[in-house]
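Everything on this sheet refers to the single structure shown next.
Just so you know, all these numbers are worked out from the coordinates, no wet-lab data involved. Worth saying up front: this structure is predicted, and the values here are computed from it rather than measured. Cβ: placed from backbone, ideal geometry, glycine included. Neighbour counts: every protein chain shown.
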Amino acid sequence: MAHLLSVRIYNSTEIYTALSSSKPPKFAKKTQQPNTAISPRRSGPAVPARKAQKLNLEVSPHRAVSAVRLMRIELGGAFADLLNEKGKGSGDNEMGYVERTLGFRTRDLDDRDLRLVTDVVGGTIRWRRYLDHLILSLCHDENTFGRMEPLLLQILRIGFYEIVKLEMPPYAVVDENVRLAKVALRPGAGNMVNGILRKLVLLKENNSLPLPKLEGNDRAQARALATLHSHPVWMVRRWRKYLGHGEAIKLMMWNNSDPSFSLRANSGKSFTRAHLSERLRMLKVPHELSPHLDDFVRIRTGMQIVIQAGLLKEGLCSVQDESAGLVVSVVDPQPGESIIDCCAAPGGKTLFMASCLSGQGMISAIDINKGRLRILRETAKLHQVDDVITTVHADLHIFAGHNQVKSDKVLLDAPCSGLGVLSKRADLRWNRRFEDMEQLKDLQDKLLDAASMLVKPGGVLVYSTCSIDPEENEERVAAFLLRHPEFCIDPVNRSVPPDFVTEHGFYFSNPVKHSLDGAFAARLVRS
Ligand SMILES: C[S@@+](CC[C@H](N)C(=O)[O-])C[C@H]1O[C@@H](n2cnc3c(N)ncnc32)[C@H](O)[C@@H]1O
């Protein structure tokens, strides 16, 4: 039986405040829903005003935490950083959100619960389009789905994901999610979850999930694929155009797989990869050495252990994908050089470049974002590489127009769509819009022009993105070379393994081929 230790009424503004620190969005109306019926309105309060229960031992903690975190990501604009999800060792933090949002606590999260939260939140976000298609198919009508309360929808998505993708024992999933809906919303909501989830279980047992067929014209096929692989239609169409049907599907499967992470040992603190490997062995974290980069190790599981052991906090290592590390190989920083990192924050590449300088040389780390630049500064101090880094808070366009400085090497790690990192950034696919691409390309051209002004004769300009989109990569470089005949391509064969070198001499990490994030870099020399 639920334990009722305290009673408090929450209103919708308070609930929103619990979800996010910024002001309430349009969905948070002050109207209250009747407590017995299922509110059909998606535009109603996030959860209805309700009585708070301090401790409820009947609700499974990972589901309560997942539901609240999903609400925060979707409605409160929180950032679905899978690493943070893994890293949030503090169950207290999570339970605080549950209490402030739903009005009750469950038992504390243990390590298994934390892993489940990561899986459920990441998976539910990734598979959202697919799950919503199934939920809509099993609702009475489109209105029921279209106006469903946000919390109810999240609970259904969790249940569908657990049954269809995690293949958890279905009737336990039904019972647990029904209980969550009853306690967090009201009995009627529990009945609805029960009805829909039970229909799903039957369909799954009979192998007859209502999924779209791949037929019709290009647009219709793209829509079906977008649902089956849970991506926006515009991405599917773009990838079918650029990569072909088969590769597009492989890419979507990669984006939907569990991300793996790499760690870079921080030589700035004389902490070598051998030291890191030894520490990981002692922590029983399975890992392997990167075949491409001397300072890197790969880990598939155990990130939470690494974080709890304090390795990141002590600055002994950083989380950095090898694809990003290889961009630094393309820059090839040498002791004594002057380097400008034009879009530097939060500093992943700046710090790696700084550690390559062995205390000699200087990196000017420019960024327009003050907060992110502060993170860079603090991390540089922690990593003991701050003696070779100067941070500059500036808009690159203005900085380049007003400064006469010219450097040996200039890195422009440009703002981009991030289409190469969708496996790690589970929510990014839903936040990125087709219209963004044109704006980004325009920004990239302008930043390239500005960055080129900072390169001294004979110096090197490296343009990089974490995108796999040719329009942000090869096409931007081609357009730049037309505008700037004083630059030419310096093929990256000497900097990265041959497998990563394109026919035009650029660096390209292909998620499907290399099992790393997608990344691109061009090395251009000024005559
Ligand atoms: C892809 S991120 C850089 C990531 C970074 N290089 C790293 O490895 O951690 C792009 C950065 O460009 C910055 N940026 C965007 N427009 C800018 C501008 N006009 N001038 C300077 N920085 C800018 C953003 O604030 C953002 O931090």
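Some points to look at:
- Cβ-derived FRET efficiency at R0 51 Å, Ser270 paired with Ala220, nearest 0.05: 0.30
- Computed magnitude of the charge dipole of region 322-526 (debye, nearest 20; Cβ of K, R +1, Cβ of D, E -1): 400
- Value of relative contact order over the chain, rounded to a whole percent, pairs C-alpha under 8 Å and six or more apart: 11
- Net charge dipole, the chain: roughly 1880 debye, given to the nearest 20, about the Cα centre with Cβ charges of +1 for Lys and Arg and -1 for Asp and Glu.
- Projecting the Cα atoms of Cys466, Val496, Asn256 onto the charge dipole of the chain (Cβ charges, centred on the Cα centre) puts Asn256 farthest toward the positive pole.
- Extension reserve of the Gln334-Glu435 stretch, reckoned as 0.36 nm per residue once the Cα distance is removed: 32.4 nm
- A crude spin-label estimate for the pair Glu474 and Glu278, with each label 7 Å from Cα along the Cβ direction, gives 4.7 nm.
- Between Ser407 and Val455, Lys456, the built amide H atoms are under 5 Å apart, and every one of these is 5 or more places off in sequence or on another chain.
- In nm, spacing of pseudo-spin labels at Arg198 and Asp110 (7 Å Cα→C-beta vector): 3.2
- Between region 344-375 and region 384-402, the Cα center-to-center distance that results, in Å: 9
- For the pair Glu486 and His504, the difference between a 0.36 nm per residue extended length and the Cα-Cα distance amounts to 4.7 nm.
- With 23 Å as the limit on Cα-Cα distance, the pairs of Lys269/Lys349; Lys250/Lys349; Lys284/Lys513; Lys165/Lys424; Lys349/Lys456; Lys424/Lys513 that go past it are Lys250/Lys349; Lys284/Lys513.
- Ascending count of other beta-carbon atoms within 10 Å, so fewest first, for Met95, Met362, Met282, Met253: Met282, Met253, Met362, Met95
- Helical contribution to [θ] at 222 nm, DSSP H n ≥ 4, -39,500 (n - 2.57), averaged over the chain, rounded to 500: -14000 deg cm²/dmol
- With each label modelled as a point 7 angstrom along the Cα→C-beta vector, the Asp294-Ser515 pair spans 2.5 nm.
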